[in-house]
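Notes for the one structure printed next.
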Amino acid sequence: MILPILAIAPSKERGRGVFATEAIEAQTILEISPVLVFSMKDRKKAEETLLYNYIFEWGQGHEMGALGLGYISIYNHSYQPNCSYQMDFDNELMTITAIHDIAVGEELFINYNADPEDQSPIWFDAQ
């Protein structure tokens, strides 16, 4: 399920991103999408490819990987996100929820650390 008020468009200095085509209220569920889960072995192989920038750590111990279908893997990172994501390991799903009101035309961001408050450097900031 992806709300029809979301669109993928060019994102300044970030390639592509997900944008709101209508105003969105906080706590709105924007997307519930399946993921393709990679075993630990397959995750290591995927990390040697372009997929490295699109997969999420997956599982209780974060040893596996997952590629989000739908728009999941297109949301860009921010340490001040306007959305959060939740992982459902049992059903192999991810959910994106607005955590703030979002204006028409605004890009939707998630914190790649999984916790919207976590300011820990992520892989492309730590290099």
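The values are calculated or read from the model by the stated rules, or taken from the named source; none is laboratory data. If you're wondering where the values come from, they're calculated on a predicted model, not measured in any experiment. In this analysis, Cβ positions are derived from the backbone assuming ideal geometry, glycine residues included, and neighbour counts consider all displayed protein chains.
Could you list all residues from the stretch 16-33 that are assigned to a strand (DSSP E or B) and either crowded, with 17+ Cβ neighbours inside 10 Å or touching a residue at least 60 places away in the same chain (Cβ under 8 Å) (or both)?
Residues satisfying the conditions are G17, V18, F19, A20, I24, I29, L30, E31, I32, S33.
Sort through Y52, Y85, Y71, Y112 and tell me the only one that's out of contact with any strand residue (DSSP E or B) (no Cβ under 9 Å at 6 or more places or on another chain) and closer than 25 Å to A9 by Cβ.
That would be Y52, the only listed residue that is out of contact with any strand residue (DSSP E or B) (no Cβ under 9 Å at 6 or more places or on another chain) and closer than 25 Å to A9 by Cβ.
If I ask for residues that are in contact with a strand residue (DSSP E or B) (Cβ under 6 Å, 6 or more places away or on another chain) and either under 22 Å from D115 (Cβ atoms) or polar (S, T, N, Q) (or both), which ones from the stretch 40-49 would you list?
Listed by number, the list holds a single entry, R43.
Quick check on I8: is it closer than 21 Å to L108 by Cα, touching a Gly at 6+ places or on another chain (Cβ under 8 Å) and of a type in the set (A, V, I, L, M)?
Values: closer than 21 Å to L108 by Cα: yes; touching a Gly at 6+ places or on another chain (Cβ under 8 Å): yes; of a type in the set (A, V, I, L, M): yes.
Judged against the criteria, I8 is a match.
State all residues of the stretch 8-35 that are modelled with pLDDT of 95 or more, at negative phi and over 14 Å from the mean Cα position of the chain (by Cα); if no residue qualifies, say none.
If the condition is that a residue be modelled with pLDDT of 95 or more, at negative phi and over 14 Å from the mean Cα position of the chain (by Cα), then A9, P10, S11, A20, T21, E22, A23, I24, E25, A26, T28 are the ones that fit.
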